[in-house]
Amino acid sequence: MMMGANAPVQGDAVGISWLENPIGADLDICAYLLDASGKVLGDEGMVFYGQTQVPGVAMAAVGKGATFQIDYAAIPDQIERIALCAVLDTDKSPAADLAQAKQLTMAMGQLTFTIDLAGKSEKALIIGEVYKRNGAYKLRAVGQGFDGGLMAIATHFGVDVQADPTDSAPPPVASAPAPAPAPAPTRPPEPSPARAPAPAPAASTISLKKVTLAKAEKVSLAKTGGAIRALLSWEGRGAGDGDLDFYCFYVTKEGKSGKVYWKDLGSSDSFPFIAHSGDALRAGEEAIVIERPETLRYALFAAYSAVKNGAGSFGSYRPKMTLTDQAGNEVTIPLLNPNHTSYWVAISHLSLGETVDIEHIETYGKNGFPHMIAAERAPRLHPDGSWDVSKGEIEFKK
């Protein structure tokens, strides 16, 4: 499996293994059971060395590996996905990093996802996810790192990690679903979801965990290094029919332009260092991972609706785009005003300089009925970062 790819589950066991133990540090494998908001619901939302079994998931760790046994029927109804993670306990060796493990592999039946850890300085990693889509379970290859280790990844999932100087590896304590009182001085502040500020002449750089942008809203994130992952997800009609295609148009700092999409999946290891998960063909999701954001100047994300979808696909499929970075920030960009007659929509524009500036643009192509040729023309991203719709190459997909 490539990073961002997904496939139907094969069996009920997922194995995680690595090649070498980091020097002086333990590599802990854990799982988080998450609801629709991406948060744990309580103590039974975590599987780790101190709690190896919860309803629906059990873990056994031996040597340089761990196996999760999943009982799909026993997973609580409100749980939509299970994130499988690796966390480095650097209490005794602060200089240790995931690169010392050399390689991580997730395996389920014939499905395998291998992560080359060479050069990675992160302390924690979401390896993959088992998630439910249209009543069926799938496995997704994620590979998203977190520089802050346990603190960063646990906070990302709504867990309050208590600092205890007498305990070198304290187990995390889940936050209750209801609003919690202000944290004690020994606890790190827990960010709460907030909407992005209205557009301003210069967007301020903020530290956030989750934010949803309204149309024309912008947010600027501090550069944290590492990959940026974009996910387009959508619902289908009937038995899951519905083919949307996710595109990334890009301009590099050297002025080179191109696009990554279903016909050209790009590459994570060579130019343009942007990789597409592959054509989903049916309702679900497609992912695009920008492995080296520092090489880009601009990016434009767009979606195309295949002709076979018929009219109204952007409205009925309820698509949304989600961007995540290495610091655990998550920016959601829903399509709020779906057009019923367009084949194209430009969703989000990124400007990458000292910060990563993200704008929700949601601009639809020309109406497909009176303007059949123009309606099939893709958006364009120009070298200066400007963009337009219905003026690019014709993309026709039945």
Exactly one of these conditions fails for SER270: (1) surrounded by fewer than 16 Cβ atoms within 10 Å (Cβ to Cβ); (2) at pLDDT 90 or above; (3) in contact with a strand residue (DSSP E or B) (Cβ under 9 Å, 6 or more places away or on another chain); (4) of a type outside the set (D, E, K, R). Give me its number.
(3)
Residue check for GLY143: closer than 26 Å to GLU285 by Cα, within 16 Å of the chain's Cα centre (by Cα), modelled with pLDDT of 85 or more and not acidic (Asp, Glu)
yes
Looking for whichever is more than 18 Å from GLY149 (Cα to Cα) and assigned to a strand (DSSP E or B) here; the options are ILE126, ILE82, ILE115. Which one fits?
ILE82
Go through the range 28-40 and report how many residues are over 15 Å from the mean Cα position of the chain (by Cα) and either open to solvent by 20 Å² or more (accessible area, probe 1.4 Å) or without any contact (Cβ under 8 Å) to a residue 40 or more places away in the chain (or both).
2
Could you tell me which of the residues PHE68, PHE113 is surrounded by 16 or more Cβ atoms within 10 Å (Cβ to Cβ), touching a residue at least 24 places away in the same chain (Cβ under 8 Å), among the aromatic types (Phe, Trp, Tyr) and farther than 15 Å from TYR49 by Cα?
PHE113
Scanning the range 289-326 for residues that are modelled with pLDDT under 90, open to solvent by 30 Å² or more (accessible area, probe 1.4 Å) and either closer than 27 Å to LYS39 by Cα or in contact with a Pro (Cβ under 8 Å, 6 or more places away or on another chain) (or both) gives SER316, ARG318
Which residue out of LYS263, LYS215 is assigned to a loop (DSSP other than H, G, I, E, B), modelled with pLDDT under 90, charged (D, E, K, R) and surrounded by fewer than 23 Cβ atoms within 10 Å (Cβ to Cβ)?
LYS215
Output for the range 141-155, where each listed residue is in a strand (DSSP E or B) and either touching a Phe, Trp or Tyr at 6+ places or on another chain (Cβ under 6 Å) or small (Gly, Ala, Ser) (or both)
ALA141, GLY143, GLY145
Taking into account only those residues within the range 327-343 that are more than 26 Å from ALA227 (Cα to Cα) and not small (Gly, Ala, Ser), which is most open to solvent (accessible area, probe 1.4 Å)?
HIS340
Go through ILE126, ILE75, ILE153, ILE79 for me and flag whichever is under 22 Å from LEU41 (Cα atoms), among the β-branched types (Val, Ile, Thr) and in contact (Cβ under 8 Å) with a residue 60 or more places away in the chain.
ILE153
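The values are calculated or read from the model by the stated rules, or taken from the named source; none is laboratory data. Only a predicted model underlies this, so the values are computations on that prediction, with no experimental measurement involved. All Cβ positions, even for glycine, are placed from backbone atoms using ideal geometry, and neighbour counts span all protein chains on display. Ligands, DNA and RNA are excluded from the accessible area calculation, which covers all protein heavy atoms including side chains. Shrake-Rupley method; radii C 1.70, N 1.55, O 1.52, S 1.80 Å.
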